[in-house]
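The values are calculated or read from the model by the stated rules, or taken from the named source; none is laboratory data. Values in this document were obtained by computation on a predicted structure and should not be read as measured data. Glycine gets a Cβ as well: all are built from the backbone with ideal geometry, and neighbour counts include every protein chain shown.
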Amino acid sequence: MIEKKIIIIEPGLIVQEGLRSILSSTNGFVVRHCFSTIEQMRLHPYANDADLFIINPTLLDLHHHNSVRQQLGIKNEIPIVALIYSFIDHNIVQQFDAEITIHDSAVQIANKLVALKRDNKNENEELSEREKEILIAVAKGMSNKEIADSHFISIHTVITHRKNIVKKTGIKSVSGLTAYALVNNLISFEEIDN
Amino acid sequence: MIFTQETKMVEVALANHLNLHIIHRFGIAFGFGDKTIDEVCQASNLDTQIFLLVINSLNDKSETEHIQLNKNQLLQLLTFLKNTHQYYYDYYLPIMRTTIENLMRACSSQTTKALYRFYNDYEAEVLHHLEHEEKHFFTYIEQFCTNDAFVESMIIDEEDHHCSIDEKIFDIKNLLIKYINTPEADMLKIKLLDQLFHFQEDQNRHAKIEDVIMWSLKNQNKTL
């Protein structure tokens, strides 16, 4: 399962660490960084490498004419969640994709974040016809070069197909993929043993 | 949890079922009553610090403590590793083999045959890895401890082996859970999965001890 990377921006260390600890035991999420201020987050080289932001709205300039998203400089497709434990103006809270409060249980927090998850449609996809062909070739013990030559594609393309096969099946080793191909009747024992 | 020399051995044994194996592999016999770790180790001619180092690096989630090991300690750890291998050969690998063969008997189809074939590959790799370790790593420790002479630095490629074995066990579990649909044999599948989980955890613990030794050897080599 591909984990969603989270960045937390919260001034209080106790709250920051508490949230980190809760999220680290939540399946499907990993806390990438914690920052105490927005400025700190902006200066960090990997600040953009996140799938989800959790921010204490008191850190924002609440009278600013720009929206929350503009102030933070976060792309539209990345959800921003408010972490609330004091009174925050309704107009500000509305600008967030979700809100978690300090009274939420771990399960409530998890459910709110899961509801935000987008684009996980790739995870359970069936193998394409092309990928099945490549998988059969791998099961027969062919090298990347041999597969590339026999299918008239580049080695680079073969590697990309193989990566997608691993991602879709969850099987990494060559003997494992062979077993997968046999289990799914893509290939017979005779074909492998030849 | 961190154990100390004053901890009762029975507490170690009850804290985690895998600790039972650790105690056994150190050659400690059960029936130690309420004796502390230190008392039991002394009675069994074991270095208490070594026992604590092993048991704590396997039970505590924090970073493993790296210390300089003396020759006597290294030899005690070597015995421990040898006992672990013996356990795999005599006990654990045969148990898993029996389970998968029972699974085959319960439902023989292309599906279970494919799994069986994969398992055979996996087992062969495990055996190869164990033998490789005995031939190189174990021999190196022995030479290091018996001769004072400098031994040519050993080739350390253990990590690759562990990695590929781990990958295969992960795949077997995935195949069993996600792709093999034979409801009539699900109890046997669970039994096999139970054993695979146990074996994997045990092997990870085994690798951790090897790291402790490796670190110490590398460091001593530098100072020679």
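Here are the numbers for the structure shown:
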quantity	calculated
Options B:H128, B:H161: the member that is under 18 Å from B:E201 (Cα atoms) and either of a type outside the set (V, I, T) or at pLDDT 90 or above (or both)	B:H161
Of residues in region A:146-193 being under 15 Å from B:D121 (Cβ atoms) and charged (D, E, K, R), the one nearest to the chain's Cα centre (by Cα)	A:K172
Selected residue (criterion: nearest to A:R20 (Cα to Cα)) from residues of region A:65-98 that are touching a helix residue (DSSP H, G or I) at 6+ places or on another chain (Cβ under 6 Å) and either outside any loop (DSSP other than H, G, I, E, B) or modelled with pLDDT under 85 (or both)	A:A82
Failed item, numbered, when B:Q68 is tested on (1) in contact (Cβ under 8 Å) with a residue 40 or more places away in the chain; (2) of a type outside the set (A, V, I, L, M, F, W, C); (3) surrounded by 14 or more Cβ atoms within 10 Å (Cβ to Cβ)	(3)
Criterion (acidic (D, E), within 14 Å of another protein chain (Cβ to nearest Cβ), exposed (fewer than 14 other Cβ atoms within 10 Å of the Cβ) and more than 30 Å from A:Q16 (Cα to Cα)) met by exactly one of A:D149, A:D193	A:D193
Residue within region B:94-111 that is within 14 Å of chain A (Cβ to nearest Cβ), in contact with a Leu (Cβ under 9 Å, 6 or more places away or on another chain), part of a helix (DSSP H, G or I) and modelled with pLDDT under 90 present	yes
A:S143 without any contact (Cβ under 8 Å) to a residue 60 or more places away in the chain, more than 14 Å from chain B (Cβ to nearest Cβ) and more than 28 Å from the chain's Cα centre (by Cα)	yes
Total residues in region A:166-176, condition crowded, with 20+ Cβ neighbours inside 10 Å and of a type in the set (A, V, I, L, M, F, W, C)	1
Residue list for region A:31-64, restricted to those being more than 18 Å from A:I100 (Cα to Cα) and part of a helix (DSSP H, G or I)	A:I38, A:E39, A:Q40, A:M41, A:R42, A:L43
Hits in region B:21-41 (condition: surrounded by fewer than 14 Cβ atoms within 10 Å (Cβ to Cβ) and of a type outside the set (D, E, K, R))	B:G27, B:A29, B:F30, B:G31, B:G33
Qualifying residues in region A:103-120 (those that are of a type in the set (V, I, T) and modelled with pLDDT of 90 or more) - the one surrounded by the fewest Cβ atoms within 10 Å (Cβ to Cβ)	A:V107
Count - residues of region A:96-109 that are under 13 Å from A:I54 (Cα atoms) and of a type outside the set (V, I, T)	4
Some residue of region A:27-43 being under 17 Å from A:Q108 (Cβ atoms), buried (at least 18 other Cβ atoms within 10 Å of the Cβ) and in contact (Cβ under 8 Å) with a residue 12 or more places away in the chain	yes
Pairs, first farther than 19 Å from B:F170 by Cβ in region B:98-127, second among the polar types (S, T, N, Q) and assigned to a helix (DSSP H, G or I), C-beta under 8 Å, six or more apart	B:M104/B:T112
Unique match (being under 20 Å from the mean Cα position of the chain (by Cα), farther than 26 Å from B:C145 by Cα, polar (S, T, N, Q) and not in a loop (DSSP other than H, G, I, E, B)) among B:N19, B:N56	B:N19
Subset tally (residues that are out of contact with any Lys or Arg (no Cβ under 7 Å at 6 or more places or on another chain) and within 27 Å of B:Y89 (Cβ to Cβ)) for region B:33-62	12
Residue pairs meeting the criteria (Cβ under 6 Å; at least 6 apart or on separate chains; first at the interface with chain B (Cβ under 8 Å from one of its Cβ atoms), in region A:165-177; second surrounded by fewer than 21 Cβ atoms within 10 Å (Cβ to Cβ) and of a type outside the set (A, V, I, L, M))	A:G170/B:N174; A:I171/B:N174; A:K172/B:E167; A:S173/B:E167; A:S175/B:D121
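Every residue, every condition in (1) within 18 Å of B:E167 (Cβ to Cβ); (2) out of contact with any Pro (no Cβ under 6 Å at 6 or more places or on another chain); (3) in a helix (DSSP H, G or I), yes or no:
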position: A:R130; (1), (2), (3): no, yes, yes
position: A:I136; (1), (2), (3): no, yes, yes
position: A:G141; (1), (2), (3): yes, yes, no
position: A:K145; (1), (2), (3): no, yes, yes
position: A:S150; (1), (2), (3): no, yes, yes
position: A:T157; (1), (2), (3): no, yes, yes
position: A:K163; (1), (2), (3): yes, yes, yes
position: A:K167; (1), (2), (3): yes, yes, yes
position: A:K172; (1), (2), (3): yes, yes, no
